[in-house]
Amino acid sequence: DMPRPSISAEPGTAIPLGSHVTFVCRGPVGVHIFRLERETRDKYNETDDVSQTSPSESEARFRIDSVSEGNAGPYRCIYYKPPKWSEQSDYLQLVVQ
């Protein structure tokens, strides 16, 4: 069974222009790749730097050092756990103030 990933943002989803934000993607143990998708499947960042945060959960973090208006909008996570990709998470809406 492949649980859907979750997505959150630190310190939050409303970020002042020029400040930083980190998207956190969470999924089950055994994930090889987390992908942070931007609106559509073809705009994304991905990482194999996956940390196990509990016996049942893993996560990856995607940091934007200086948020611009172009970073605003919907983001979602998806992960690869062999042999297949998961479903996508819900969208998280980043607001730039």
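The values are calculated or read from the model by the stated rules, or taken from the named source; none is laboratory data. Computed from a predicted structure; not experimentally measured. Counting neighbours? That spans all protein chains shown, and the Cβs are built from the backbone with ideal geometry, glycine included. Accessible surface areas use protein heavy atoms only, side chains included; no ligands, DNA or RNA. Shrake-Rupley method; radii C 1.70, N 1.55, O 1.52, S 1.80 Å.
Length gained on full extension, Thr13 to Asp48, computed as 0.36 nm times the residue gap minus the Cα-Cα distance: 10.2 nm.
The charge dipole of region 6-96, taken about its Cα centre with unit charges on the Cβ atoms of Lys, Arg (+1), Asp and Glu (-1) only, comes to about 160 debye.
Applying D = kT/(6 pi eta Rh) to the chain, where Rh is the Kirkwood radius over alpha-carbon pairs, T corresponds to 4 °C and eta to 1.567 mPa s, the Stokes-Einstein value obtained is 96 µm²/s. Our note on the geometry: Cα centres of region 24-97 and region 7-23, 14 Å apart.
When nucleic acids and ligands are ignored and a 1.4 Å probe is applied, Arg35 ends up with an accessible area of around 40 Å².
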